[in-house]
1. Among the residues of segment 166-184, are any surrounded by 13 or more Cβ atoms within 10 Å (Cβ to Cβ) and more than 13 Å from ligand 2 (Cβ to nearest atom)?
2. Could you run through segment 152-169 and say how many residues are free of Cβ contacts under 8 Å to residues at least 40 places away in the same chain and more than 10 Å from ligand 4 (Cβ to nearest atom)?
3. Out of segment 118-151, which residues are surrounded by 15 or more Cβ atoms within 10 Å (Cβ to Cβ), assigned to a loop (DSSP other than H, G, I, E, B) and within 16 Å of ligand 4 (Cβ to nearest atom)?
4. Please find, within segment 200-233, the residue that is surrounded by the most Cβ atoms within 10 Å (Cβ to Cβ) out of those that are away from ligand 6 (no atom under 12 Å from the Cβ) and assigned to a helix (DSSP H, G or I).
5. Counting residues that are more than 26 Å from Ile179 (Cβ to Cβ) and assigned by TED's automatic domain parsing to the domain that holds Lys120, which helices (runs of 4 or more DSSP H) fully inside segment 27-73 reach at least 3?
6. Find the residue count for segment 152-191, including only residues that are assigned to a loop (DSSP other than H, G, I, E, B), more than 16 Å from ligand 6 (Cβ to nearest atom) and either farther than 16 Å from Gly223 by Cβ or small (Gly, Ala, Ser) (or both).
7. Is it the case, given these coordinates, that Asp233 is under 12 Å from the mean Cα position of the chain (by Cα), away from ligand 8 (no atom under 16 Å from the Cβ) and not assigned by TED's automatic domain parsing to the domain that holds Ile317?
8. Out of the residues in segment 132-165 that are closer than 18 Å to Gly74 by Cα and under 18 Å from the mean Cα position of the chain (by Cα), state the one that is modelled with the lowest pLDDT.
Amino acid sequence: MTLWKSIFLLCIFLLAALYGCETLKSSKALIPIKEYERMLVGRIDANYIGTDRCLSACHSHDRIRRDFEASTMGVQMSGQSNMPQVNCESCHGPGSLAVENVTPELVAKDAAEAKETACKYDTFIDLKNLPSQAKSLLCLRCHSENATLNLHNWNAGAHALSDVSCFDCHNVHAGPSLITQPKDTRDMCLKCHQQQAAEFSLPSRHPLMEKKIFCTDCHDPHGTAGEGLLKEDTLKETCTRCHGEKEGPYAFEHADINDDCAACHSPHGSVNNNLLIVREPFLCLQCHQGHTTTDDASTRVSKGAYYTRCTDCHSQIHGSDLPSASGKGMFIN
Ligand code: HEC
Ligand code: HEC
Ligand code: HEC
Ligand code: HEC
Ligand code: HEC
Ligand code: HEC
Ligand code: HEC
Ligand code: HEC
Ligand code: HEC
């Protein structure tokens, strides 16, 4: 092999490798869980001191504390339930070093200068900058799949696999309620899913922008057993939960294609009426030949192009219980 040939091949290889890095998200090394656990221990030379000692000296975290104590998670701070106890240090790590120098004298002196006394933040776990798997593990220590059922498929879900962590959607200090309201999910999801934002702005669309339907009506962001994070086991079930009249069974089925609503519909939005992936008649002409009819439109005649809406006549396109004039299932009535 000539030198030039080798150099050329090397270049191709390097380009391919570079491209591979771009596209294969999973090509980076996976750290064993043990390493993530270690990150969550915090400073081993620090001790747990309890929320009261953490917060009694200065009042800068009063709002966080009030909100937290009122939340379902914070109720656990009372220690009255059988659930795992949650306090500030269960997430932020042991706090003794942080408040070491926070004496009543210092607080009084700072107050005199109209300053707030700061504890040593950098002795806590650096939650913000942890790798995403460690962030999620922080929550999963308590929210195991047994305790929180919808997390059953978390690890295999598209979000966990793409470095999205619990923190990206849940802010435990947002306020006294930790429950995610459907109305908050639109902005939560569209923040990352720009393409879907565009789809939901097309002329025919599910009314998501109008907050009449939500991403979580169809998807479970925590992971699901099936494809596409769909909430139900199949795509059809996902749709017929609201469009029950399309479920069937019918005396005359449109072969088995009615089981795949996405064979004809785009779930988020479309430039075509009725969320159709392709406009009529071309939608139907993908699988059928067009035809012409007699004047009274009751009988089919010769084959040939027919350029109008097929569903003007085949109006029961999802399936019908009544036969057509010739006694067959033609979805006409
Ligand atoms: C369930 C875990 C958890 C508990 C319990 C918890 N925190 Fe946090 N805290 C977090 C997370 C996660 C962040 C955000 C990290 C980031 O910026 O990504 C945070 C951020 C903060 C911040 C930074 C400012 C802010 O609002 O973002 C402060 C201050 C804070 N927590 C104080 C407290 C106090 C005080 C308590 C106890 C009343 C507490 N935390 C309990 C998880 C927790
Ligand atoms: C030390 C244990 C512990 C940790 C760590 C923890 N939680 Fe919790 N969390 C609980 C308990 C206990 C409850 C109340 C019982 C319940 O609803 O499951 C709760 C409740 C919640 C709720 C409200 C559930 C409801 O139905 O009201 C949300 C949301 C939540 N936690 C999110 C998080 C997130 C996000 C993290 C990680 C930043 C986290 N938790 C870390 C123990 C914990
Ligand atoms: C992509 C966004 C997203 C991620 C990532 C995510 N969640 Fe959620 N979570 C939601 C939404 C939205 C809900 C509201 C319930 C629903 O309709 O599915 C929710 C609901 C919950 C609830 C029930 C209480 C509530 O708010 O209704 C708990 C507990 C919870 N999540 C914990 C977690 C934990 C722990 C993680 C990380 C392992 C996590 N979530 C990751 C979006 C997310
Ligand atoms: C922090 C960014 C982020 C947020 C917030 C987020 N996602 Fe995602 N989501 C991703 C990434 C990254 C992927 C994987 C790459 C891809 O398919 O686009 C993904 C994938 C998906 C998929 C495709 C699953 C598959 O198997 O193809 C669905 C569905 C989805 N997200 C729904 C949601 C919903 C619903 C919400 C709001 C509750 C949400 N996402 C919030 C980043 C995010
Ligand atoms: C009416 C139900 C429905 C709603 C509402 C919905 N989706 Fe989907 N979504 C689907 C279906 C069905 C698929 C296709 C799944 C498949 O083919 O496996 C899908 C696919 C996706 C995918 C994978 C890529 C793609 O486009 O095929 C992402 C990402 C996604 N949805 C995000 C979102 C987000 C974000 C929202 C809210 C802004 C949302 N979806 C609202 C039904 C819905
Ligand atoms: C949570 C309920 C819900 C689910 C689930 C749902 N839809 Fe819808 N769908 C609606 C609503 C609401 C409308 C708007 C009705 C209106 O505007 O009168 C709609 C409208 C439609 C339309 C007509 C759109 C137009 O331009 O007039 C089609 C087609 C449709 N949905 C198909 C589907 C398919 C396919 C699925 C499964 C991927 C699905 N829907 C899942 C609630 C739902
Ligand atoms: C063979 C293609 C095809 C399949 C498969 C299909 N649809 Fe449709 N759908 C159409 C056409 C075409 C229209 C427009 C009908 C019209 O203009 O009269 C439509 C209209 C709709 C509408 C709005 C008008 C109405 O009748 O309410 C909804 C909702 C709908 N379909 C839901 C579904 C659901 C749910 C599934 C899966 C169970 C499904 N479709 C499967 C072709 C299909
Ligand atoms: C993805 C392919 C596909 C699409 C798209 C499709 N069909 Fe079909 N259609 C079929 C199959 C398969 C059958 C069953 C054929 C059979 O049993 O010989 C069928 C049966 C029919 C029949 C009954 C004919 C017979 O011989 O039993 C009519 C009428 C029909 N389709 C009309 C339509 C119309 C109108 C559209 C557009 C709105 C459409 N189809 C879209 C695949 C499709
Ligand atoms: C003016 C009404 C009308 C329109 C528009 C129409 N059809 Fe038909 N179609 C019929 C009638 C009537 C029959 C015969 C019914 C019977 O045999 O009982 C038929 C039969 C069929 C059959 C069964 C043919 C076979 O070989 O057995 C198919 C497939 C079909 N149409 C598809 C289409 C498609 C695709 C379009 C749109 C390009 C379309 N039709 C438009 C009225 C119409």
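1. For segment 166-184, residues surrounded by 13 or more Cβ atoms within 10 Å (Cβ to Cβ) and more than 13 Å from ligand 2 (Cβ to nearest atom): absent.
2. Step one: list which residues in segment 152-169 are free of Cβ contacts under 8 Å to residues at least 40 places away in the same chain, which gives 164-166, 168.
After this cut, where a residue has to be more than 10 Å from ligand 4 (Cβ to nearest atom) as well, the list is 166.
Adding up the residues that qualify gives 1.
3. Quick first cut of segment 118-151, residues surrounded by 15 or more Cβ atoms within 10 Å (Cβ to Cβ) only: 119, 123-125, 127, 130, 132-140, 142-143, 145, 151.
Subset that is assigned to a loop (DSSP other than H, G, I, E, B): 119, 124-125, 130, 142-143, 145.
Once the filter is applied, which keeps residues that are surrounded by 15 or more Cβ atoms within 10 Å (Cβ to Cβ), assigned to a loop (DSSP other than H, G, I, E, B) and within 16 Å of ligand 4 (Cβ to nearest atom), segment 118-151 yields only Leu130.
4. Step by step, filter segment 200-233, then rank; the result is Leu229.
5. Details: elements: 33-39, 51-56, 62-70.
Result: 33-39, 51-56.
6. We begin by selecting, within segment 152-191, every residue assigned to a loop (DSSP other than H, G, I, E, B); these are 152-153, 157, 162-165, 170-181, 191.
Subsequent filtering for residues that are more than 16 Å from ligand 6 (Cβ to nearest atom) retains 152-153, 157, 162-165, 170-180, 191.
Within this subset, residues satisfying the condition of being either farther than 16 Å from Gly223 by Cβ or small (Gly, Ala, Ser) (or both) are 157, 162, 165, 171-179, 191.
Selection size over segment 152-191: 13.
7. On the way: under 12 Å from the mean Cα position of the chain (by Cα): no; away from ligand 8 (no atom under 16 Å from the Cβ): yes; not assigned by TED's automatic domain parsing to the domain that holds Ile317: yes.
Against the criterion (under 12 Å from the mean Cα position of the chain (by Cα), away from ligand 8 (no atom under 16 Å from the Cβ) and not assigned by TED's automatic domain parsing to the domain that holds Ile317), Asp233 does not qualify.
8. My answer is Thr148.
The values are calculated or read from the model by the stated rules, or taken from the named source; none is laboratory data. Just so you know, these numbers come straight off a predicted model, no measurement behind them. Cβ: placed from backbone, ideal geometry, glycine included. Neighbour counts: every protein chain shown.
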